[in-house]
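Read the structure below first, then the notes.
What follows is calculated from the coordinates using simple rules that are stated; it is not laboratory data. Bear in mind that the values here come from a model prediction, so they are computed numbers and not experimental data. Please note: Cβ atoms are built from the backbone with ideal geometry, for glycine as well, and neighbour counts cover all protein chains shown.
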Amino acid sequence: MNKILIYNSTKDIQVGDHLCCLYKTEEDHHAVILPYIRQGLEKREKVIYIVDTHTANTVLAYLRDDGIDVDFYLEEGQLNLLTANESYVQDGIFNPDKMIDLLQAETDKALAEGYAALRVTGEMTWALRDLPGSERLIEYETKLNFFFPNSKALAICQYDMNQFDPELLLNVLRTHPIAVIGTEIYKNFYYIPPKELSKDTEPSITLQYWIDNLIERKEIEMKYQQTYNQSEFYRDLLSHDINNILQVILSTAERVEIEKNLEVIESAVSSIKKQIERGSSLISTIHKISQLESSKVTLESIDAMELLNKAIKSIIGSFSSRKVKIEIECILKNLYVQANSILLDVLENLLHNAVKHNQSSTAEVLIRISRQVKGEINYVKLEFIDNGLGIPEEKK
């Protein structure tokens, strides 16, 4: 099963997940825990709720108010409520290994009974009562990260932020791959895998993880900015060019309505066809750009001269009503380059602009080809020199 990378709600939580829930209000507690329990029951998973601050009767009342048929699930054995003394603090002492053994035994039992998995949630306030072994709480949370990924179980550890010390909660965050803060679920980038976390190396490991997370966050922000810029580019491109196309079609249609003669209609049909071709070309261009941005660029050996001649033929055909003279100045033989099919689009675009924006009676373009070496890499240089006026200085 592929792990979900983004957690939008408790519905995204999967078998093998280990979460902490840090909450301040009862409303937030209900908003996270009640759907978590309901989803487990609906998925035919065995659900264990370990009570502490809330009594069993209080939790059952919450579930009933949420529309869950509590009595049915209790009778079936699919829903089970335990106290801290029946789970975490058996025999009056907390032993992380013994608690994990209990989780393994309950998982095996649930599977044997025909349930899909074991879904657990526990209130951790028992650890605040200075019970023997409670100082091993973070050790326990760390060891759970060895247990859950390879099990048919999942869990949410509940921490009331009003009662726990911030220093302990920092360690809670370090030991949970997924964190629920209030009602929002996050893939926790403060989490440190248990294999790398020890008392001797904790500060240096934590520092390195935080540095790595800063770098990763920066990369994410840059990708977000790039995506935003691309969306703005597409928006401007579409709104400007498509609007122009539609405006031409509209004005052409209005002219037909006014003049209503065969010559005007024929001219209008021809104009509309050109605008449709223009729109189709625009869509094709955007598709090619998006393909370049979303896929890895692959290069192959391509005959650049063959592509260049193909581009010249295409441009001359496109401007059949104009005088166009395109010459190639090249002494190189076997002009092969590492490129792909987009090279043809580049060549056509350069030639198209050189002719389209040329006000001379004959549009002349000289393509000068030479070889260059930069950084011990061989390059082919193509210069497109035309007899147009060029771009005014104030518009460059």
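Descriptive notes on the structure:
- Dipole orientation for the chain: of the candidates Q158, S318, N85, S318 has the Cα lying most toward the positive pole (charges on Cβ; Lys, Arg +1; Asp, Glu -1).
- Computed over neighbours whose Cβ is under 15 Å from that of V355, the net charge equals +1, Lys and Arg +1, Asp and Glu -1.
- In nm, spacing of pseudo-spin labels at D345 and Y224 (7 Å Cα→C-beta vector): 2.9
- Length-normalised contact order for the chain - Cα pairs under 8 Å, 6+ apart - percent: 14
- Taking only the Cα atoms of the chain, the radius of gyration and Dmax are 34.3, 100 Å.
- For K396, the lysines whose Cα comes closer than 19 Å to its Cα, not counting residues fewer than 8 places off in the same chain, are K356.
- Neighbours of V172, meaning other residues whose beta-carbon lies under 12 angstrom from its beta-carbon, give a summed charge of -3 when Lys and Arg score +1 and Asp and Glu score -1.
- Note on region 247-396: along the principal axes its Cα atoms extend 66, 40, 34 Å, ordered by decreasing extent.
- For the chain, calculated [θ]222 nm from helices alone, where every DSSP H run of n ≥ 4 adds -39500 (n - 2.57): -16500 deg cm²/dmol
- For region 199-295, with +1 on Lys and Arg beta carbons and -1 on Asp and Glu, the positive-most of I283, N244, V269 along the dipole: V269
- Segment L332-D91, length gained on full extension (0.36 nm per residue, minus Cα span): 77.9 nm
- Principal-axis analysis of the Cα atoms of the chain puts helix 96-112 at an angle of about 80° to the longest axis.
- Global geometry of region 10-197, whether rounded, prolate or oblate, following the gyration tensor of its Cα atoms and the 1.5 cut on a/c: rounded
- Taking a sphere under 14 Å around the Cβ of Q104 and counting the other residues whose Cβ falls inside, with K and R at +1 and D and E at -1, yields a net charge of +1.
- Computed E for F384/S251 - FRET, C-beta separation, R0 35 angstrom, nearest 0.05: 0.55
- Pairs from the list K323/K381; K11/K143; K46/K195; K11/K187 with a Cα-Cα gap above 21 Å: K323/K381; K11/K143; K46/K195.
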